[in-house]
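Notes to accompany the following structure.
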Amino acid sequence: MNNNDTYWDRIVERVFQGDGSQNHTNEQQDTPEDKDIQWARQTNEHLKQVFSWDRFDKKEAKLRLDYRLGRKDSLLQRFNRQVWMKAAVLLLALITGALLHSIIPGKKQETSYSEVTVPPGQMSQIQLPDGSVVWLNSGSVFKYPTSFDLEKREVFIDGEAFMEVAHNPKKPFVVNAPSFAVEVLGTSFNIDAYATDSYSSVTLVEGKVLLHANQEKQTQKMVPGQSVSIHNGKIEKLTEVDTEFYTSWKDGKIVFRKEPLEEIAKKMERWYNVEIQFKDESLKKLEFSGTFLKYKPVSQVLKSLSIMSDQIDFVTENRINQKNIIYIVKKNN
């Protein structure tokens, strides 16, 4: 580990600017400096658990640090004392930098964001800096700050997500979707908001939320068991629902209840990474109800739908280096 002061000054500056070499592909090899940056970031995150930057008390912080260093299960124990001595300039800079970032009036920080993109046919689960947990559905893009500011917790979603938000009445949690925003204090809810879809929805499982629609500046308070439909940024209706229907996707299920085939096709496109085309527009309005396991082959799901209806059939066109096309056609009886 390099012990040059100038070297560590540069490392610290990159950490606070949000440059941590997080976006390496598997083919890229981390340089020694990249590894030191990762170490510096981890150290800074551990320090945040010891020091409260916005309420810094030297005496209390020292006692807390000594206590953690002495615990066998300490989060900081992985850094032995020799490493602490070698990197003293780094730790001093991290502490000083964090204090300056929090106590100097008018000092504007640039927020550093992480972005998660979920490929078709996959799901992802992440934990946010405040302890909130987010499940992301296929084809979703989720953006969140590496650390939340002092006033609110703000994230961005293009896709579908189920969120369990850590309760913090002093710091509201705001989810920004393409045409609306949801404000919560601590709750669990599902948000379906793909930018490519004209319809979106918010379904509340626990807690309370306040929905802000972009069009006409509408707001809507929600209680558990309710779902709101949003069309092109405008709140259309509020209904009482069985929330399991809206959250079953995170358990590996695709659930339809009197849902138009056109909407079912959109979900299948995202999950199976295929392109679905209708040869007869009237087939889009056919409604289906059922439950399918998401990890079953697309051919099996299509066969089930074909059995359920005497009007539709499917033809698959396999393509090389491109999405396969599935044509929905009228069945010849």
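The values are calculated or read from the model by the stated rules, or taken from the named source; none is laboratory data. Predicted model only: the values in this text are computed from it and were never measured. Glycine also receives a Cβ, built like all others from the backbone with ideal geometry; neighbour counts cover every protein chain displayed. SASA here: full protein model, heavy atoms, side chains in, ligands and nucleic acids out. Shrake-Rupley method; radii C 1.70, N 1.55, O 1.52, S 1.80 Å.
Does Glu240 qualify as being within 19 Å of Ser201 (Cβ to Cβ), among the charged types (D, E, K, R) and in contact with a Gly (Cβ under 7 Å, 6 or more places away or on another chain)?
yes
Results for (1) in contact (Cβ under 8 Å) with a residue 60 or more places away in the chain; (2) open to solvent by 60 Å² or more (accessible area, probe 1.4 Å); (3) over 23 Å from the mean Cα position of the chain (by Cα); (4) within 18 Å of Ile191 (Cβ to Cβ), shown as yes or no for each residue.
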| residue | (1), (2), (3), (4) |
| --- | --- |
| Leu261 | yes, no, yes, no |
| Met268 | no, no, no, no |
| Val274 | no, no, yes, no |
| Lys279 | no, yes, yes, no |
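Within segment 209-226, take every residue that is of a type in the set (D, E, K, R) and over 14 Å from Leu238 (Cβ atoms) and give me the one that is nearest to the chain's Cα centre (by Cα).
Top of the filtered list is Lys217.
Quick check on my filter: what residues within segment 165-186 are over 20 Å from Ser147 (Cα atoms) and open to solvent by less than 10 Å² (accessible area, probe 1.4 Å)?
Matches in segment 165-186: Phe180 only.
Can you name every residue in segment 195-224 that is of a type in the set (Val, Ile, Thr) and surrounded by 17 or more Cβ atoms within 10 Å (Cβ to Cβ)?
Residues satisfying the conditions are Val202, Thr203, Val205, Val209.
So which pairs qualify, if the first residue must be in segment 281-297 and within 16 Å of Ile307 (Cα to Cα), the second must be surrounded by 14 or more Cβ atoms within 10 Å (Cβ to Cβ) and among the aromatic types (Phe, Trp, Tyr), the Cβ gap must be under 6 Å, and the two must be at least 6 apart or on different chains?
Phe288/Phe256; Ser289/Phe256; Gly290/Phe256
Show the residue pairs meeting these rules: Cβ distance below 6 Å; 6+ apart or different chains; first residue within segment 23-38 and part of a helix (DSSP H, G or I); second residue of a type in the set (Ser, Thr, Tyr) and at pLDDT below 55.
Listed by first residue and then by second, the contacts come to Asp34/Ser21; Ile37/Ser21.
Exactly one condition in (1) modelled with pLDDT of 95 or more; (2) in contact with a Lys or Arg (Cβ under 8 Å, 6 or more places away or on another chain) is false for Lys171; which is it?
That leaves (1) as the condition not met.
Look through segment 238-256, keep the residues that are among the hydrophobic types (A, V, I, L, M, F, W, C) and part of a helix (DSSP H, G or I), and return whichever of them is most open to solvent (accessible area, probe 1.4 Å).
Ranking the candidates gives Phe245 first.
Does Lys285 count as under 22 Å from Thr196 (Cβ atoms), touching a Pro at 6+ places or on another chain (Cβ under 7 Å) and open to solvent by 50 Å² or more (accessible area, probe 1.4 Å)?
Taking the combined requirement at face value, the residue satisfies it.
Out of the residues in segment 109-132 that are in a strand (DSSP E or B) and over 9 Å from the mean Cα position of the chain (by Cα), state the one that is surrounded by the most Cβ atoms within 10 Å (Cβ to Cβ).
The selected residue is Ser114.
Residues in segment 288-311: is at least one assigned to a loop (DSSP other than H, G, I, E, B) and polar (S, T, N, Q)?
Yes, some residue in segment 288-311 is assigned to a loop (DSSP other than H, G, I, E, B) and polar (S, T, N, Q).
Of everything in segment 133-148 that's open to solvent by 10 Å² or more (accessible area, probe 1.4 Å) and touching a residue at least 40 places away in the same chain (Cβ under 8 Å), which residue is nearest to Glu160 (Cα to Cα)?
My answer is Asn137.
Quick one: how many residues across segment 225-237 are buried (at least 16 other Cβ atoms within 10 Å of the Cβ), in contact with a Leu (Cβ under 9 Å, 6 or more places away or on another chain) and assigned to a loop (DSSP other than H, G, I, E, B)?
Summing the residues that are buried (at least 16 other Cβ atoms within 10 Å of the Cβ), in contact with a Leu (Cβ under 9 Å, 6 or more places away or on another chain) and assigned to a loop (DSSP other than H, G, I, E, B) in segment 225-237 gives 0.
Of the conditions (1) open to solvent by less than 50 Å² (accessible area, probe 1.4 Å); (2) under 27 Å from the mean Cα position of the chain (by Cα), Ile325 clears all except one; give me its number.
Of the numbered conditions (1) open to solvent by less than 50 Å² (accessible area, probe 1.4 Å); (2) under 27 Å from the mean Cα position of the chain (by Cα), the odd one out for Ile325 is (2).
Does any residue of segment 299-315 turn out to be in contact with a helix residue (DSSP H, G or I) (Cβ under 6 Å, 6 or more places away or on another chain), under 24 Å from Phe162 (Cβ atoms) and aliphatic (A, V, I, L, M)?
No, segment 299-315 contains no residue that is in contact with a helix residue (DSSP H, G or I) (Cβ under 6 Å, 6 or more places away or on another chain), under 24 Å from Phe162 (Cβ atoms) and aliphatic (A, V, I, L, M).
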